[in-house]
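Structure first, commentary second.
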């Protein structure tokens, strides 16, 4: 029995991977990503995205929609982006270490490191710019959000 994805037999794909010597690379990447991400998906089960509408919970309001969006963004940033960035920094640094003077591997390792750091800087600086703007215009004072504009406190 042949399994296929989009009319492309998996056995042919696996044979091509083994022939090119990429099987161990792909397996290593899958294992590393699994080690970094599986605990995060378990955490996603423990913390609900929606805190309303269930048994013993308050009725859903528009505030809960923003609370859910905030929880999704927090989960993506804290539990997916940073572990993947850590993994990419390890891979890029490892490529620099094991390059043995090969300029292609050195350039690839540098490219991975620079791209990862630039991506993290974009993410963190965007939050800093938004936070500075919201604090400067005084969102916390005229909206009644004394603790901070990023804290969503829905009525119970």
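Numbers for the structure displayed
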item: Sequence of 74, 67, 153 once ranked by neighbouring C-beta atoms within 10 Å, starting from the fewest; result: 153, 74, 67
item: Inter-probe distance in nm under a simple model that places probes 7 Å from Cα toward Cβ, at residue 63 and residue 90; result: 4.1 nm
item: Peptides ranked, highest mean first, by Cβ atoms within 10 Å: ranges 114-121, 56-63; result: 114-121, 56-63
item: Neighbour-count ranking [beta-carbon atoms within 10 angstrom, fewest first] of 78, 89; result: 78, 89
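Just so you know, all these numbers are worked out from the coordinates, no wet-lab data involved. The structure presented is a predicted model; accordingly, all values stated were derived computationally and were not measured. Please note: Cβ atoms are built from the backbone with ideal geometry, for glycine as well, and neighbour counts cover all protein chains shown.
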